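For reference, the structure discussed in these notes is given below.
The values are calculated or read from the model by the stated rules, or taken from the named source; none is laboratory data. These figures come from a predicted structure and were not determined experimentally. Glycine also receives a Cβ, built like all others from the backbone with ideal geometry; neighbour counts cover every protein chain displayed. These area figures cover heavy atoms from the full protein model, side chains too; ligands, DNA and RNA do not enter into them. Shrake-Rupley method; radii C 1.70, N 1.55, O 1.52, S 1.80 Å.
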Amino acid sequence: MKKVVFDSLHRKKHFAFFNHMNHPHFNITANVEVGPFLSHIKINNLPLTYSLVYLLSKAANDIKEFRWRIRKDEVVEHELVHPSFTVPTEEADVFSFCTVPYQQNSSDFVLKAQQINEAMKSNPSIEDEPGRDDYLFMSAIPWISFTSIQHAMHYHPHDSVPRISWGKFLDQNGRKMMPLAVQAHHGLVDGRHMGSYFKNIEEMLQNPEVYL
């Protein structure tokens, strides 16, 4: 982890402008094509959720602004950020968080995710580890092909962890699509960075054999 210092006066003003807002997050939702991804995991007998979480995490880790976090009035950059995603439990009809250390190798990540999720089924958790902010909060909403989403979060003080959600697949002009919502702190992530995220994940979903 390292401290981020803004050399540009305009970048400093941009950060301060949004960081002093009560609700500085912004959210973009778009449909992304998942046909090649679904075909690849079916042929290779790969788990859908863990494979998708891996790609969504990689797309974020490849953009440094998605690894930036705010601590008081300072910005720090994590070397890696790790997905904390929703999974069903055996204890109740509400979700648990499954936090998996991000790893560059997809097979290693999927194996670790399977092990942690199995333990979470009977020992669910909804608390974050105190003092940690190197998360990517993720949630699946497989019942709805949503067009927008609003997340529950603290406003005072607000956090700077991105939130990534995906929904029910839908057929659109002969292509299999998936709604994907990405939310981030506007003081850290601007529209250009958000565009890079969607470009990254679309590339990975179109060419899954390169990444999985």
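For the range 1-85, which GluC sites (Glu not before Pro) pass both filters: DSSP loop (anything but H, G, I, E, B) and at most 11 other C-beta atoms within 10 Å? Each step should come with its number before you reach the end.
Details: sites: Glu33, Glu65, Glu74, Glu77, Glu79; in loops: Glu79.
Answer by residue number: Glu79.
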* To do: Express the accessible area of the range 50-111 per residue in Å², computed with a 1.4 Å probe while the remaining protein chains stay in the model.
  => 43 Å²
* Structure fact -> Farthest towards the positive end of the dipole of the range 96-207, among Gln103, Gly174, His186 and with Cβ unit charges of +1 on Lys and Arg and -1 on Asp and Glu, lies the Cα of Gly174
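Write out the trypsin sites (Lys or Arg not before Pro) in the range 157-212 meeting two conditions: DSSP loop, and at most 14 other Cβ atoms within 10 Å of their Cβ. Spell out each step's value before the answer.
Working: sites: Arg163, Lys168, Arg175, Lys176, Arg192, Lys199; in loops: Lys168.
Counting only loop positions with at most 14 other Cβ atoms within 10 Å, the trypsin sites (Lys or Arg not before Pro) in the range 157-212 are Lys168.
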* To do: Go through [x] 44, 38, 30; [y] 57, 43, 29; [z] 51, 41, 30 and flag the label whose value is the computed Cα extents along the principal axes in Å for this structure.
  => [z]
* Asked: Over 25 Å between Cα atoms, which of Lys13/Lys58; Lys42/Lys176; Lys42/Lys168; Lys176/Lys199; Lys3/Lys112; Lys121/Lys168 qualify?
  -> Lys13/Lys58; Lys3/Lys112
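Counting only helical runs of four or more DSSP H residues, what would the 222 nm mean residue ellipticity of the chain come to if each run contributes -39,500 (n - 2.57) and the total is spread over all its residues?
Values: 6 runs with 71 residues, N = 212.
Estimated from H runs of four or more residues: -10500 deg cm²/dmol.
Enumerate the helices in the chain for which the Kyte-Doolittle hydropathy averages -1.0 or more and the C-alpha atoms extend at least 18 Å along the helix's axis, using complete DSSP H runs. All intermediate terms of the calculation are to be shown ahead of the outcome.
Working: long enough: 48-61 (20 Å, 0.76); 106-122 (25 Å, -0.41); 191-206 (22 Å, -0.85).
Length and hydropathy pass: 48-61, 106-122, 191-206.
What is the dipole size for the range 1-121, taken about its Cα centre, with +1 at each Lys and Arg Cβ and -1 at each Asp and Glu Cβ, in debye to the nearest 20? Spell out each step's value before the answer.
Details: 14 positive and 13 negative charges, 112 e Å.
Computed charge dipole of the range 1-121: roughly 540 debye.
Ignoring ligands, DNA and RNA, please state the percent of accessible area on the range 103-159 from carbon and sulfur, probe 1.4 Å.
Details: 2020 of 3820 Å².
The C+S portion of the solvent-accessible surface of the range 103-159 is 53 percent.
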* Between the range 13-81 and the range 152-196, what's the alpha-carbon centroid distance in Å? -> 7 Å
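Of all beta bridges DSSP finds with both residues in the chain, what is the antiparallel percent, to the nearest 5? Each step should come with its number before you reach the end.
Values: 27 of 36 bridges.
Within the chain, antiparallel bridges account for around 75 percent of the total.
Restricting to DSSP loop positions (anything but H, G, I, E, B) with no more than 11 other Cβ atoms inside 10 Å of their own Cβ, which chymotrypsin sites (Phe, Trp or Tyr not before Pro) remain in the range 1-106?
none
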* Asked: Could you give the dipole magnitude of the chain about its Cα centre, charging the beta-carbon of Lys and Arg +1 and that of Asp and Glu -1, in debye to the nearest 20?
  -> 560 debye
